[in-house]
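Enquirer: Pasting a structure here, questions to come.
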Amino acid sequence: MQKLSRTLLFLAAGLGIAILVCIAIWLLGLFFVGIPMAGDAIGEPAPDIDPLQETLISIYLAGNLGALRTPVGDAAQEMEFVVEEGESARDVVGKLKQHGFIQNDLLFLLYLRYRGLDRGIEAGIYNLPGGLTIPELAEVLQSARASSSAVTIPEGWRREQIGESLSSLSNLSPDEFINLTSQPIPGFSFSSEIPPDATLEGFLFPDTYQISPDDITLDLVLLMMANFDNQISPDERLAFSNQGLSLFQAVTLASIVEREAVVPDERPIIASVFLNRLSSGMNLDADPTVQYALGNQESWWKAPLFFEDLEIDSPYNTYRYPGLPPGPIANPGLDSMLAVAHPATTPYLYFRAACDGSGEHLFAETFEGHLQNACE
């Protein structure tokens, strides 16, 4: 019995050694045959990778060659993916798996380590298309999309001010902005309503725009005009017509309202004053139109105005010339446009700033009442 036990132990040991030899031969076969056959799917190892680690990982990658060559994710979908500053490769791979973009996180992580790409993942925003293989996805993650820049255009700015604000953006040119906005641009529903000798003043819709590094100055101009087209609905354009105004005239009046109004709720009342003046044949006597005529790089909106300023011989001086000025004096926001489309119903013909510094105005029906509203 004891002899039989020794025989069985000997056979078991021999079988174990045979199995180990077979495994060794299989691994060597993978290493010497499978790795070269893997070719581009594995790529060159990182120069500083530990030799033992290189051998073990390369054997694993060669054994998963099919998975390396199989696209991951849904080919029909694109995913915006953010890599935060300080995130490790393991963190990034974990997030990709959590979002369902990859299935085999270990394979992806070991591929990154083998190629040395785990240290090159860049923080930032990525638009990841579906249908990438693991090697392709690893390469994409080495270069994040440059972050877009937010350009905010306040209500009531004239186009020169907008141009100046672009000087901090290397891909946008202030001078080019002025040149591009010096004449109408075709292709929009309102393009034909801008006189051929007019600028785009008034139609550069104030808003916050996201500008990518690839965008050029023309892109911003077109975005602003498209925004105007979207914001000013056919109903509002019909409302302008009901006020006896063309779209160009409505934008001109709205630009004056924008520069006059400080308190938002007063916009429809101020619009009513100017419409009442137009219908009665009175001059608009609007300070902002004189400021526009006097504007220069030192002061685009001179304040305060003096009596001699009101004598400037300019078609924009509504103290000297009746009716609306030749065109908008600034770029009005939506609220000022709506105030012109739907003005308050008032008998007022005059208004002046209240004396308490609140920004509110005092309104009057007669010139005598207007004088009584003067500060003492």
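Enquirer: Which of the residues spanning region 258-307 are closer than 18 Å to His342 by Cβ, among the small types (Gly, Ala, Ser) and buried (at least 18 other Cβ atoms within 10 Å of the Cβ)?
Expert: Across region 258-307, the qualifying residues are Ala261, Ala271, Ser272.
Enquirer: For residues in region 354-376 being assigned to a strand (DSSP E or B) and without any contact (Cβ under 8 Å) to a residue 40 or more places away in the chain, which is farthest from the chain's Cα centre (by Cα)?
Expert: By that ranking, first place goes to Ala364.
Enquirer: Still on this structure: Which of the residues belonging to region 224-246 are surrounded by fewer than 19 Cβ atoms within 10 Å (Cβ to Cβ) and closer than 26 Å to Thr152 by Cβ?
Expert: Hits for region 224-246 are Ala226, Asn227, Asp229, Asn230, Gln231, Ser233, Glu236.
Enquirer: Return yes when Leu310 is under 20 Å from Arg159 (Cβ atoms), surrounded by fewer than 22 Cβ atoms within 10 Å (Cβ to Cβ) and at pLDDT 95 or above and no when it is not.
Expert: Answer is no for this residue.
Enquirer: Shifting gears a bit: Out of region 70-108, which residues are under 14 Å from Gln142 (Cα atoms) and among the aliphatic types (A, V, I, L, M)?
Expert: Val82, Val83, Ala89, Val92, Val93, listed by residue number.
Enquirer: Here's something else I'd like to know. Can you work out which of the residues in region 170-189 that are of a type in the set (Ser, Thr, Tyr) and buried (at least 16 other Cβ atoms within 10 Å of the Cβ) is nearest to Asp214 (Cα to Cα)?
Expert: Ser173
Enquirer: Answer yes or no: is there a residue in region 112-124 that is in contact (Cβ under 8 Å) with a residue 40 or more places away in the chain, closer than 18 Å to Tyr60 by Cα and among the small types (Gly, Ala, Ser).
Expert: Yes, region 112-124 contains a residue that is in contact (Cβ under 8 Å) with a residue 40 or more places away in the chain, closer than 18 Å to Tyr60 by Cα and among the small types (Gly, Ala, Ser).
Enquirer: So Thr345 ticks every box in (1) without any contact (Cβ under 8 Å) to a residue 24 or more places away in the chain; (2) part of a loop (DSSP other than H, G, I, E, B) but one. Which box is left unticked?
Expert: Only one criterion is unmet by Thr345, namely (1).
Enquirer: Right, another one. Filtering region 101-144 down to residues that are of a type in the set (Val, Ile, Thr) and out of contact with any helix residue (DSSP H, G or I) (no Cβ under 7 Å at 6 or more places or on another chain), which residue is surrounded by the most Cβ atoms within 10 Å (Cβ to Cβ)?
Expert: By that ranking, first place goes to Val140.
Enquirer: What about Ser192, is it of a type in the set (S, T, N, Q), in contact with a Pro (Cβ under 6 Å, 6 or more places away or on another chain), loosely packed, with under 13 Cβ neighbours inside 10 Å and not assigned by TED's automatic domain parsing to the domain that holds Ser255?
Expert: No.
Enquirer: Please verify whether region 150-161 includes one or more residues that are surrounded by fewer than 17 Cβ atoms within 10 Å (Cβ to Cβ) and at pLDDT below 90.
Expert: yes
Enquirer: What is the number of the single condition among (1) touching a strand residue (DSSP E or B) at 6+ places or on another chain (Cβ under 6 Å); (2) without any contact (Cβ under 8 Å) to a residue 60 or more places away in the chain that Val273 does not meet?
Expert: (2)
Enquirer: Would you tally the residues in region 66-100 being surrounded by fewer than 17 Cβ atoms within 10 Å (Cβ to Cβ) and in contact (Cβ under 8 Å) with a residue 60 or more places away in the chain?
Expert: Total satisfying the criteria: 3.
Enquirer: Scan region 265-287 and tell me whether some residue there is modelled with pLDDT of 95 or more and more than 20 Å from Leu349 (Cα to Cα).
Expert: Looking for residues that are modelled with pLDDT of 95 or more and more than 20 Å from Leu349 (Cα to Cα), one finds none in region 265-287, hence no.
Enquirer: Now, a different point. Any residue at all in region 315-337 that is touching a His at 6+ places or on another chain (Cβ under 6 Å) and among the hydroxyl-bearing types (Ser, Thr, Tyr)?
Expert: no
Enquirer: Which condition number in (1) in a helix (DSSP H, G or I); (2) more than 30 Å from Leu204 (Cβ to Cβ); (3) polar (S, T, N, Q) is the one that Asn179 fails?
Expert: (2)
Enquirer: Considering only region 183-217, state which residues are within 25 Å of Asp335 (Cα to Cα), over 23 Å from the mean Cα position of the chain (by Cα) and not in a helix (DSSP H, G or I).
Expert: Scanning region 183-217 gives Pro184, Ser189, Phe190, Ile194, Pro195, Ala198, Thr199.
Enquirer: Let me ask you something else. So, of the residues in region 85-107 that are charged (D, E, K, R) and within 16 Å of Gly120 (Cβ to Cβ), which turns out to be modelled with the lowest pLDDT?
Expert: Among them, the one singled out is Glu85.
The values are calculated or read from the model by the stated rules, or taken from the named source; none is laboratory data. Not measured: the values here are computed from a predicted model. Note: ideal-geometry Cβ built from the backbone for every residue, glycine included; neighbour counts use all protein chains shown.
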